[in-house]
Amino acid sequence: SPDEGWQVYTSAQAPDGKCLCTAVIPVQGTCSRDLRSHQLRQLMEKVQNISQSMEVLDLRTYRDLQYVRNTETLMKGLDSRLKVAAESQKSLNTKSFQELKEKMRELLPLLPVLDQYKSDTRLIVHLKEEVRNLSGSLLAIQEEMGAYDYEELQQRVLLLESRLHACMQKLGCGKLTGVSNPITIRASGSRFGSWMTDTMTPSSDSRVWYMDGYYKGRRVLEFRTLNDFVTGQNFVQHLLPHPWAGTGHVVFNGSLYYNKYQSNIAVKYHFRSRSVLVQRSLAGAGYNNTFPYSWGGFSDIDFMVDESGLWAVYTTNQNAGNIVVSRVDPQSLEVLRSWDTGYPKRSAGESFMICGTLYVTNSHLAGAKIYFAYYTNSSSYEYTDIPFHNQYSHISMLDYNPRERVLYTWNNGHQVIYNVTLFHVIKTSGEL
């Protein structure tokens with residue numbers, strides 16, 4: 001409901017590179033208690049009523065005028081007949097008298113038209129008085145609003161500014177309502193792979209990691225900046241001690257989280273120390289194409305990060321192949337809590353987490369859309385219909401980066417990003 005709070009739609013950036021934020025202010029936040037605002041609303045309603053009355057009056061006057069014009073000839077003929085009868089009463093025989101009566105009868109409908117004119121005249125006088133009152137009220141409000149001095153206006157602006165800043169601090173999470181058209185960053189590598197930036201480090205850290213292929217790979221390229229990644233220059237190579245399976249890797253706070261090949265073991269590899277800090281089995285999780293996404297590729301286990309932390313998406317025999325979402329401790333890789341979404345993983349093209357919600361696409365091919373959403377905060381789900389332009393017709397990796405609020409995608413040998421639009425309802429107190 002619009003009365004619940006501020007409704008805010010945010011998107012990472014517009015085509016010109018600027019951030020976008022669209023706010024819909026609730027009814028109770030529109031200065032409804034302000035006397036001048038109340039007076040202005042009343043005046044606007046009066047203006048609208050007067051405008052409607054004038055339109056009706058104009059239409060009615062036009063209609064009546066047409067009728068008067070049509071009877072004008074009849075009235076002239078009757079007048080001439082009456083003059084002749086008055087000059088020579090002998091010519092007023094029975095036949096002539098009947099004709100005069102018929103002419104008079106034809107003019108009878110003119111009487112209510114004339115009565116309507118009288119009524120309209122009174123209405124015009126009333127409308128003139130209303131307009132005079134409106135002019136006086138508007139002048140009084142204009143003088144009152146102009147009475148604020150600069151300091152008072154400045155205080156009002158500063159108060160509003162502080163409220164807006166406080167509101168922006170609450171815009172951490174929202175519901176996905178739209179995905180932009182794809183933005184192709186680079187075309188490189190094989191049909192399948194994964195690329196990403198760190199989901200947690202400061203914005204000054206713009207390193208890009210690149211992992212080509214979906215199984216037995218061990219080579220991770222680290223580019224210094226996105227521009228270096230685009231040009232293929234200035235990178236270092238990390239050789240993982242254990243090969244990976246699938247493309248569901250994620251970089252979180254300086255470490256790579258990935259699925260160890262031919263196992264359901266999660267591995268945490270630290271880039272700076274070039275070592276495995278911890279590895280742990282995800283109990284019961286399928287692997288080796290037991291429960292992959294629809295495109296296959298050993299995509300049984302998919303790691304992802306959102307605003308609330310690290311997640312693992314997979315499935316088990318106990319869950320009958322339905323997607324399981326698990327919160328994972330990034331230090332120990334221990335599963336903290338799990339949810340059974342009820343959505344069959346083999347029917348999903350890919351999935352990603354935003355603000356504790358799992359969003360699932362219904363295909364990895366052209367024509368895909370974001371079809372399903374599971375809310376971990378309420379353990380509930382809904383079917384969605386969010387368009388998703390799959391430009392190169394084969395997605396093998398799809399991940400959300402909460403730091404940049406974009407989706408990273410590997411699409412048929414192309415590295416692509418999508419901006420997202422999130423919807424927020426912000427609870428506020430008091431009046432603006």
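Observations
Residues are listed down the side, and each one gets a yes or a no for (1) buried (at least 19 other Cβ atoms within 10 Å of the Cβ); (2) at positive phi:
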{"site": "GLY246", "(1), (2)": "yes, yes"}
{"site": "TYR258", "(1), (2)": "yes, no"}
{"site": "HIS270", "(1), (2)": "no, no"}
{"site": "ARG280", "(1), (2)": "no, no"}
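- For the condition buried (at least 20 other Cβ atoms within 10 Å of the Cβ), of a type in the set (Asp, Glu), modelled with pLDDT of 95 or more and out of contact with any Pro (no Cβ under 6 Å at 6 or more places or on another chain), GLU334 does not qualify.
- Residue in segment 322-331 that is in contact (Cβ under 8 Å) with a residue 60 or more places away in the chain, open to solvent by 10 Å² or more (accessible area, probe 1.4 Å) and not hydrophobic (A, V, I, L, M, F, W, C) present: yes
- The set of residues from segment 293-324 being over 21 Å from GLN279 (Cβ atoms) and under 32 Å from the mean Cα position of the chain (by Cα) comprises TYR293, SER294, TRP295, ASP306, GLU307, SER308, ASN322, ILE323.
- Selection within segment 289-310: residues that are open to solvent by 10 Å² or more (accessible area, probe 1.4 Å) and in contact with a helix residue (DSSP H, G or I) (Cβ under 9 Å, 6 or more places away or on another chain). The member of this set that is nearest to LEU176 (Cα to Cα) is SER294.
The values are calculated or read from the model by the stated rules, or taken from the named source; none is laboratory data. Quick caveat, the model's predicted, so the values are computed rather than measured. Cβ coordinates were reconstructed from backbone atoms using ideal geometry, including for glycine residues, and neighbour counts include every protein chain displayed. For accessibility, only protein heavy atoms count, side chains too; no ligands or nucleic acids. Shrake-Rupley method; radii C 1.70, N 1.55, O 1.52, S 1.80 Å.
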